[in-house]
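Following: one structure in structure tokens, then a few remarks.
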Amino acid sequence: HGRGPLLLYVLDVMELPDPVLPQLPALLGPDVPAAGVLVVGNKVDLLPADRRGHLGRLRQRVAAACARAGLLGAALVDIRLVSAKTGFGMEGLVSRLQRSWKCAGDVYLLGATNSGKSTLFNTLLRSDYCKSRAPDIVDRATVSPWPGTTLNLLKFPIINPTCDRIFRRQERLKEEATKTEDQLSSEEKKYLNQLKKQGYLVGEVGRTFQQQKCSAEIDFDPDMFSYSIDEDPRDSPKKREEREEFTHNEVKDARWCFDTPGIVKEDCVLNLLTEREVKLVLPSHAIIPRTFILKPGMVLFLAALGRVDYLEGEKPAWFSVLASNLLPVHITTLSSADAIYEKHAAQEFLKVPMGGEERMKEFPPLVPQDITLKGIGTTEAVADIKLSSAGWVAVTAHTEDELMLRAYTPKGTALVVREPPLLPYISTIRGARIPGTPAYRTKKPPSFVENLRTTGSR
């Protein structure tokens, strides 16, 4: 259409540093004129707020990752934080797209596998971003934890954001923002409560422009009512429903939003797992942080996918695990850690991987990496130890206390020391200490709904 496309890059904020992001500048070469990138940090609903302003800090982390990848200046249109699943930030993303990109060029959704790209496509499909008839015509993208499920290039036509449409949309958003939860219908409340159980940050995605439904026609077949006493009544064969299609006028000058197959990440632990195991490892609900206080000589296991040894240090330190709530965490001593792994790997105690001794024969061994950290205070983590895509451990230590650690991940997967940490104050939202154990009682922070008027304090 004479203008380069907009690349809507979907990034899982928990995966920072994102392994695919550095490849984007190569897509913006001379063969793609005037293209831009809008980076969408997805899955913010899964992360608890460790302190006020945590979304601002997350955005800074994404911006820093973009800068390191070479996305600067005009090429980087914007950075938005959203949850494609719960709807948080999605209305703002639609407004941003309509305000800056309008309907000037096609839009392509890019992203690594399991970044939530197909969920974002489906959410945009039922928003004001696409033509009103599109949800009834366009097939939805397949949402699955298994790589390569979006095999076809799905697309929907982008609505032209005229002045009248923008005005009507703004009026709808203003009206919805004045409502409280008490003013919602019972169905809306039920749906909202479901989203609250799944994520910390929730938002509603509505439609200003609805396709008018025609009243259903009743076909009268007199033969249905005329049968002899010896015959049983039979249902007449149903007429084959004709698939709706766009008219020529609807799409002749349309710009399109395309979904694309996910880019498979290298050195990722998910590549080693079965589909059943991937479902346990990938968080589907808000992560509840689990904090432990460890002394030197103690070991933390995250399932059988990661291990952190506290080798040396002057004082105890806090280790906060942020991973799927379905993955077990076990604390033991350095002297018994190897025996525990040998005995319980692929068994119910460590859960993932699963399948017993036969499974472990083909599963790569854990390989170590030595890490040295220096504490900056008892309320702020110094770094995250990211155990590939299985989750991470935020380490909080006393000021100037030097920690000697050894972390393990399966051979061929990436272990990253993330500095600064993603949620530096995560250890401060722990519950009370459980007597006689290194663990603290876990507690789930409250959820927040972005586009409803609150009646009390957050």
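The values are calculated or read from the model by the stated rules, or taken from the named source; none is laboratory data. Bear in mind that the values here come from a model prediction, so they are computed numbers and not experimental data. Reconstructed Cβ throughout: ideal geometry from the backbone, glycine too, with neighbour counts over all protein chains shown. All accessible areas refer to the heavy atoms of the entire protein, side chains included, with ligands and DNA or RNA removed. Shrake-Rupley method; radii C 1.70, N 1.55, O 1.52, S 1.80 Å.
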Taking first residues from the stretch 257-282 that are in contact (Cβ under 8 Å) with a residue 40 or more places away in the chain and over 21 Å from Lys411 (Cα atoms) and second residues anywhere that are of a type in the set (Phe, Trp, Tyr) and crowded, with 21+ Cβ neighbours inside 10 Å, the pairs with Cβ under 8 Å that are 6 or more apart or on different chains are Cys257/Phe121; Cys257/Tyr129; Cys257/Phe156; Asp259/Phe121
Among Glu244, Glu250, the single one that is part of a loop (DSSP other than H, G, I, E, B), among the charged types (D, E, K, R) and modelled with pLDDT under 85 is Glu244
Sole miss for Glu358 among (1) open to solvent by less than 70 Å² (accessible area, probe 1.4 Å); (2) in a helix (DSSP H, G or I) is condition (1)
Within the stretch 265-277, the residues that are hydrophobic (A, V, I, L, M, F, W, C), under 18 Å from Leu21 (Cβ atoms) and more than 16 Å from the chain's Cα centre (by Cα) are Cys268
Does Leu311 satisfy being in contact (Cβ under 8 Å) with a residue 40 or more places away in the chain and either in contact with a Gly (Cβ under 8 Å, 6 or more places away or on another chain) or not in a loop (DSSP other than H, G, I, E, B) (or both)? yes
Checked the stretch 349-383 for anything out of contact with any Asp or Glu (no Cβ under 6 Å at 6 or more places or on another chain), at pLDDT 95 or above and small (Gly, Ala, Ser); matches are Gly377, Ala381
Of the candidates Asp164, Asp223, Asp139, the one satisfying the condition of being more than 26 Å from the chain's Cα centre (by Cα) and either modelled with pLDDT under 90 or open to solvent by less than 80 Å² (accessible area, probe 1.4 Å) (or both) is Asp223
If you go through Gly87, Gly111, the only one that is small (Gly, Ala, Ser), touching a residue at least 60 places away in the same chain (Cβ under 8 Å), in contact with a strand residue (DSSP E or B) (Cβ under 6 Å, 6 or more places away or on another chain) and open to solvent by less than 10 Å² (accessible area, probe 1.4 Å) is Gly111
Expected single match for open to solvent by less than 50 Å² (accessible area, probe 1.4 Å), acidic (Asp, Glu) and outside any strand (DSSP E or B) among Glu187, Glu204, Glu171, Glu176 is Glu176
